Amino acid sequence: MTPPHAAPAPRSRTPAPAGLLHSAVTTEPIDVARLISVAQASGIGALSVFLGTVRDLNDGRPVLGMAYEAYEAMAQRELAAVAGEVCDVTPGLRVAIEHRIGTLGIGEVSVAIVAAHAHRGPALEGARAIIESLKQRVPIWKCEHYVDGERAWVDPTKPATGAG
Amino acid sequence: MTANGWGTALDQKPESLRRRYLALVMSVSVLLFASYADAFGTRRLVVPVAAPCPVGDVVQSMRTLPGGDRLPVRPLVAINQAYAALDSIVQPNDEVALIPPVAGG
């Protein structure tokens, strides 16, 4: 009979492969739990999860929702490149990332980045580095739809417009 | 647009001249997104330019079209789904895209 305090069967001690594990631009709602499970592995001690969500206010103006548009083929490539480059300079980092496009309501998740590492520093810094680079490079645009019926493309190069 | 003034009545030119003219021009298909698609009222433009030419010449040609005045001085461009400098050479069949200020996240 197996004693109740018996340890579970030992898992492999081989370190899980690091790097970019999953990257996608998708029209489907993002399953954050699935991204976490992709990044989780033996040897991981910290998972940093960054979620970008649709704000209900921008520059004080009430927002109904957001339409995201992408140059899809290039956005897939750039998203993978951005995450891959951060992995390249962060040994042991495991990343899963998705960016959603299409019409999103207030509070919905537009981007999810899971960065996993043995230690919290690289996990936190990795997620931060990826979102900052994503915002500079990945060809995705968002059009805000306001309560008053107007719409406008968000332009982060204009200082009055906050970037989500 | 006519290159070298040969573009008018091209059908009436001798075949040899016609062939030479057609070798000098190409139609570049330009993908447009977001605010640029709104500016031009379309998601795809076909721009005739000399072949081959810097992608900046494609942008310059577009400025003469309705909505072209809304392009910034140096818009971001991509050739075959990779960012490119404005002096990068466009070849026939390249996929050119104008990239408005990106706003992902």
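Here are some notes:
- Output for the range B:74-93, where each listed residue is modelled with pLDDT of 95 or more and part of a loop (DSSP other than H, G, I, E, B): B:74, B:75, B:80, B:81, B:85, B:86, B:87, B:88
- Residue in the range B:91-100 that is crowded, with 17+ Cβ neighbours inside 10 Å, among the β-branched types (Val, Ile, Thr) and within 14 Å of chain A (Cβ to nearest Cβ) present: yes
- Set A:90, A:103: member being open to solvent by 10 Å² or more (accessible area, probe 1.4 Å) and assigned to a loop (DSSP other than H, G, I, E, B): A:90
- Filtered by the rule that a residue be out of contact with any helix residue (DSSP H, G or I) (no Cβ under 9 Å at 6 or more places or on another chain) and basic (Lys, Arg), the range A:129-155 gives A:135, A:151.
- Taking the listed residues A:77, A:55, the one that is within 14 Å of chain B (Cβ to nearest Cβ), modelled with pLDDT under 95, under 17 Å from the mean Cα position of the chain (by Cα) and open to solvent by 20 Å² or more (accessible area, probe 1.4 Å) is A:55, with no other qualifying.
- Leading residue by the ranking (nearest to residue B:28 (Cα to Cα)) among those in the range B:47-73 that are open to solvent by 40 Å² or more (accessible area, probe 1.4 Å) and part of a loop (DSSP other than H, G, I, E, B): B:52
- Subset of the range A:114-135 [of a type outside the set (D, E, K, R), assigned to a helix (DSSP H, G or I) and more than 7 Å from chain B (Cβ to nearest Cβ)]: A:121, A:122, A:123, A:124, A:126, A:127, A:129, A:130, A:133
Each row is one residue, and each column tells you yes or no for (1) of a type in the set (Ser, Thr, Tyr); (2) free of Cβ contacts under 8 Å to residues at least 60 places away in the same chain; (3) more than 22 Å from residue B:82 (Cα to Cα).
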site: A:80; (1), (2), (3): no, no, no
site: A:90; (1), (2), (3): yes, yes, yes
site: A:95; (1), (2), (3): no, no, yes
site: A:98; (1), (2), (3): no, no, no
site: A:106; (1), (2), (3): no, yes, yes
site: A:114; (1), (2), (3): no, no, yes
site: A:129; (1), (2), (3): no, yes, no
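The values are calculated or read from the model by the stated rules, or taken from the named source; none is laboratory data. Predicted model, so just to flag it, every value in this text is computed and none were measured. Backbone-built Cβ (ideal geometry, glycine too); neighbour counts: all protein chains shown. Ligands, DNA and RNA are stripped out before the accessible areas are found, and what is left, the full protein with its side chains, is counted by its heavy atoms. Shrake-Rupley method; radii C 1.70, N 1.55, O 1.52, S 1.80 Å.
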